[in-house]
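These notes are about the structure you will find just below.
FYI, it's all coordinate maths here, none of it is from the lab. Nothing here was measured: the structure is a model prediction, and the numbers come from that model. Every residue, glycine among them, receives a Cβ derived from its backbone with ideal geometry; neighbour counts consider all protein chains shown.
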Amino acid sequence: MLYVLALCTPAFYTSDYYGIFVLALGWLGIPDPWMGLPWLANIIYFLNLILRKARLKVKMMLSILTLICSSLVLGLSHIPQLDGYGDPVTVGFGALFWFLSFAILLAGQWLQWKGARSAI
């Protein structure tokens with residue numbers, strides 16, 4: 001639910017880029033690690049959701065990788081434009097909701113892992 005909220009709110013301020021726009025065009029930033037790795041966090045996130053029968057440790061590692069990749073968005077200061085770098089930007093609520101959706105997935109997996117360990 002937070003992921004959907006992230007798509008409907010500004011991912012960055014100053015530019016008014018909403019999350020859906022960033023998701024749709026983020027692949028254009030793959031050559032730039034500050035843009036490409038956070039965008040790839042979406043693919044890892046959905047892979048994590050699709051792999052229902054995977055071992056919990058594998059899913060937790062994917063969640064940690066997702067958080068690492070998505071945290072690079074905090075270092076982003078400009079959104080690439082066709083004519084070079086655009087106006088300076090700051091992280092918006094959409095990016096925070098986006099990151100929080102990844103963190104909650106990891107927290108849920110951790111609680112599941114902790115419950116399974118205590119049952120042994």
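What list do you get for Phe102, Phe97, Phe46 if you sort them by fewest beta carbons within 10 Å?
Neighbour counts put them in this order, fewest first: Phe46, Phe97, Phe102.
Search the structure for amide H atoms under 5 Å from the amide H of Gly92, placed 1.01 Å from N in the peptide plane, and list their residues when 5 or more places away or on another chain.
The answer is Phe12, Tyr13.
Quick one: 3J(HN,Hα) in Hz for segment 52-64, Karplus 6.51/-1.76/1.60 with θ = phi - 60°, rounded, Gly and Pro as x.
Running phi through 6.51 cos²θ - 1.76 cosθ + 1.60 with θ = phi - 60° gives 5, 8, 6, 4, 4, 5, 5, 5, 5, 5, 5, 5, 5 Hz.
In whole Hz, with x marking every Gly and Pro, tabulate ³J(HN,Hα) for segment 90-106 from phi via Karplus 6.51 cos²θ - 1.76 cosθ + 1.60, θ = phi - 60°.
Coupling constants for segment 90-106: 10, 5, x, 4, x, 5, 5, 5, 4, 5, 5, 5, 5, 5, 5, 4, 4 Hz.
Could you pull out every residue, at least 5 positions away or on a different chain, whose amide H is within less than 5 Å of the one on His78? Hs are placed 1.01 Å off N in the peptide plane, and Pro or chain starts have none.
Val89
State to the nearest 20 debye the size of the charge dipole of the chain about its Cα centre, where the only charges are +1 on K and R beta carbons and -1 on D and E beta carbons.
Numbers: 7 positive and 4 negative charges, 220 e Å.
The dipole magnitude comes to about 1060 debye.
Calculated from DSSP H runs of 4 or more alone, at -39500 (n - 2.57) each and per residue, what is the 222 nm mean residue ellipticity of the chain, nearest 500?
On the way: 5 runs with 73 residues, N = 120.
Counting only the DSSP helices, I get -20000 deg cm²/dmol.
Which residue, Leu7, Pro31, Leu56, has the largest displacement toward the positive end of the dipole of the chain when charges sit on each Cβ (Lys, Arg +1; Asp, Glu -1)?
Of the candidates, Leu56 comes out farthest on the positive side.
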